[in-house]
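Peer 1: Right, I'll just put the structure down here and ask away after.
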Amino acid sequence: MKIIKKIVYVLLIIFVIAQFFRPEKNEGSLESIAVFIEETKPPADVKKILETTCYDCHSSKTNYPWYHNITPVNFWLADHVKDGKKHFNFSTWSDYSLKKKEHKMDELHEEVAEKKMPLDSYTWTHAEARLTAEQIDAVVAWGKKVQADYKKQLIAE
């Protein structure tokens, strides 16, 4: 029993010390999304869906939940955001080539249609990000339209 107490104390001390080490936050500006919004022109309902379900992990601005202040959770969240931005980043849309934009829009509507996005791990703590069938249909229809517009531009080149 004495050894268990010592182990618990050591773990508690490690946990407290770990709180002083934190990853860098993703605290950019939503203004960086303006190029994406201007170019793809999502309708108001889709724009709201993107804001509620996508921007935290796929842009330069994350709205952090209270539990982000707890290490090691904050490292897990930081890695999650970094990975999300690696796959699709609304904030760097202007850096994408026309071909890449067309491909990213294809991925966007496919991931939403297949209910792979938003991730379950995100919707567990963000109930407002759970998409209804109508919301999924709206995002998919808009995504397909934007992708088709990019395809036309690629053919015209």
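The values are calculated or read from the model by the stated rules, or taken from the named source; none is laboratory data. Not measured: the values here are computed from a predicted model. Note that each Cβ is placed from the backbone with ideal geometry, even for glycine, and that neighbours are counted across all protein chains shown.
Peer 1: Just need a number here: residues in the range 35-66 that are of a type in the set (D, E) and within 16 Å of E111 (Cβ to Cβ).
Peer 2: Total satisfying the criteria: 1.
Peer 1: May I pose another question? Tell me which of these D79 doesn't satisfy, since it passes every other one: (1) surrounded by 15 or more Cβ atoms within 10 Å (Cβ to Cβ); (2) closer than 24 Å to G28 by Cα.
Peer 2: (1)
Peer 1: Evaluate the range 49-68: report whether one residue or more is in contact (Cβ under 8 Å) with a residue 24 or more places away in the chain, under 28 Å from Y150 (Cβ atoms) and more than 11 Å from the chain's Cα centre (by Cα).
Peer 2: Among the residues of the range 49-68, at least one is in contact (Cβ under 8 Å) with a residue 24 or more places away in the chain, under 28 Å from Y150 (Cβ atoms) and more than 11 Å from the chain's Cα centre (by Cα), which makes the answer yes.
Peer 1: Continuing with the same structure: I'm trying to understand the selection: among the residues of the range 119-157, which are of a type in the set (V, I, T) and surrounded by fewer than 12 Cβ atoms within 10 Å (Cβ to Cβ)?
Peer 2: T125, T132, I155
Peer 1: Please determine, by comparing only the residues of the range 93-118 that are in contact (Cβ under 8 Å) with a residue 40 or more places away in the chain and surrounded by fewer than 16 Cβ atoms within 10 Å (Cβ to Cβ), which one is farthest from S29 (Cα to Cα).
Peer 2: Of everything passing the filter in the range 93-118, K99 is farthest from S29 (Cα to Cα).
Peer 1: Report whether or not T71 is surrounded by 12 or more Cβ atoms within 10 Å (Cβ to Cβ), farther than 30 Å from E157 by Cα, of a type in the set (V, I, T) and at pLDDT 90 or above.
Peer 2: In short, no.
Peer 1: Given K82, K115, K86, K104, which one is at positive phi and under 17 Å from the mean Cα position of the chain (by Cα)?
Peer 2: Sole residue among the options that is at positive phi and under 17 Å from the mean Cα position of the chain (by Cα): K115.
Peer 1: Moving on to the next point. Output the helices (runs of 4 or more DSSP H) that fall wholly within the range 40-107 and possess 2 or more residues being in contact with a Cys (Cβ under 7 Å, 6 or more places away or on another chain), or say none.
Peer 2: 73-87
Peer 1: Something else now. Mind listing just one residue for me: the one in the range 16-68 that is of a type in the set (D, E) and closer than 18 Å to Y122 by Cα and, of those, surrounded by the most Cβ atoms within 10 Å (Cβ to Cβ)?
Peer 2: Checked the range 16-68; the qualifying residue surrounded by the most Cβ atoms within 10 Å (Cβ to Cβ) is D56.
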